[in-house]
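For reference, the structure is listed below as structure tokens.
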Amino acid sequence: MKEGARKKGHRRGCKGDARFAALVLSDEQRSALLEAIGGKIAAEHFELIEAMTQAFPELLRLLEQKGMSIARLRRIAFGAPTEKTATLCPEIAAAKANKAPGKAKTKGHGRRSASSYTGAKRVPVSHPTLKAGDACLDCQKGKLRTQPDRAPVIVVKAAPPIHATVYEKEVLRCSLCGKTFTAPTPREAGQEKYDPSVGVMVALLRYGNGMPFTRLEHFQENLGVPLPSSIQWEEAKKAAQPLRPVFDYLKWSAAQAPVLFNDDTTMRIGDLRRKIRAEKDPKRTGIFTSNIVAKVEHHHIALFFTGRKHAGERLDELLRLRNTALPPPMQMC
């Protein structure tokens, strides 16, 4: 729509509704109105009417401006809905915009240095033809010295979360007596089929990154290294047993916190559900995972308990470990 057509239509609207025209007062009419009602109403009501007689003509004037939108009119009337520096302190924002730019980012600033790869396997590589003490090939006078800093080359490869090694031991059989002789198992193979690192990795994937056992099972199956979900649970449980003292210490530390957060969520455990169904008259049929979070100094401790007890009971058990000399903690739930 053209600007002329918009303004023309707006003027027709004002003329067509006498209510708007009657509200637009000249300075003389406005002064006469305020003088007539000045002593007949309360002071706060008089100030409100005076402000309204000033605001309405200004509102109509804004509507007549070219390019005026409802959003812009709303910002003028009610202020900006944001508290950004550019809105509240435009002079500060302008000063920042005019500030000389700092050092520009160099190309490849998102790359990580070799020192960041703390979990990478380190393979020392020696020079194929030179060694420390040899004469310099360039000047033929100096001798080469080993430098403390090596020149790293990073190679990143993909591998399954759980990988396997099959040791195919040679079997020899006597052609006369039929006795067989099998090669011994290498020492690096260990004594158990599942290395302790399997339970650690499974626990990190499941409880640290939310990878369900069944999803990891399908993933490993597709990669050719089967790992059933039942085996995952057994290995994770086996790896967690030595960490029980750490968990007990975390519970004690959380009990001393000034603020404790707790909440519940339902959980399905097949073995526990079968035990509940086997009971004649179970008082409780729900299974919950309760979470208690405590802020201790500059970090948080998150504790999880799964069973038939709810979060209130878990918190009650935790507070029994609290130092009696401390004031009661604040509970958020």
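The values are calculated or read from the model by the stated rules, or taken from the named source; none is laboratory data. Please read all numbers here as calculations on a predicted model, not as lab measurements. Cβ atoms come from the backbone with ideal geometry, glycine included; neighbour counts cover every protein chain shown. Note: areas computed on protein heavy atoms with side chains; ligands, DNA, RNA excluded. Shrake-Rupley method; radii C 1.70, N 1.55, O 1.52, S 1.80 Å.
Would you say residue 207 is among the hydroxyl-bearing types (Ser, Thr, Tyr), surrounded by 10 or more Cβ atoms within 10 Å (Cβ to Cβ) and within 29 Å of the chain's Cα centre (by Cα)? Here the answer is yes, as residue 207 does meet what is asked. In this structure, residue 248 does not qualify as among the charged types (D, E, K, R), surrounded by 16 or more Cβ atoms within 10 Å (Cβ to Cβ) and more than 21 Å from residue 202 (Cβ to Cβ). In the set 194, 167, only one residue is in contact (Cβ under 8 Å) with a residue 40 or more places away in the chain and among the hydroxyl-bearing types (Ser, Thr, Tyr); that residue is 194.
Only one of 220, 232 is on the phi < 0 side of the Ramachandran plot and in contact with a Leu (Cβ under 6 Å, 6 or more places away or on another chain); which?
Numbers: 232 fails: in contact with a Leu (Cβ under 6 Å, 6 or more places away or on another chain).
Every option except 220 fails the conditions.
For the structure I just gave you, tell me whether residue 77 is more than 30 Å from residue 218 (Cα to Cα) and modelled with pLDDT under 85. Taking the combined requirement at face value, the residue satisfies it.
Scanning segment 289-319 for residues that are among the charged types (D, E, K, R) and over 18 Å from residue 244 (Cβ atoms), we see that the one that is most open to solvent (accessible area, probe 1.4 Å) is 297. Residues that are open to solvent by less than 60 Å² (accessible area, probe 1.4 Å) and among the aromatic types (Phe, Trp, Tyr) within segment 210-245 comprise just one, 213.
The rows are residues; the columns are (1) open to solvent by 100 Å² or more (accessible area, probe 1.4 Å); (2) within 30 Å of residue 225 (Cα to Cα).
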| site | (1), (2) |
| --- | --- |
| 131 | yes, no |
| 137 | yes, no |
| 141 | yes, no |
| 144 | no, no |
| 152 | no, no |
| 156 | yes, yes |
| 160 | no, yes |
| 168 | yes, yes |
| 171 | no, yes |
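Considering only segment 36-49, I want to know if a residue exists there that is of a type in the set (Phe, Trp, Tyr), assigned to a helix (DSSP H, G or I) and at pLDDT 75 or above. Working first, answer last.
Applying the first criterion (of a type in the set (Phe, Trp, Tyr)) to segment 36-49 yields 46.
Now restrict to residues that are assigned to a helix (DSSP H, G or I): 46.
Now narrow it down to the ones that are at pLDDT 75 or above: 46.
Yes: one or more hits.
Residues considered: 324, 266. Of these, the only one that is open to solvent by 40 Å² or more (accessible area, probe 1.4 Å), farther than 23 Å from residue 212 by Cβ and free of Cβ contacts under 8 Å to residues at least 40 places away in the same chain is 324.
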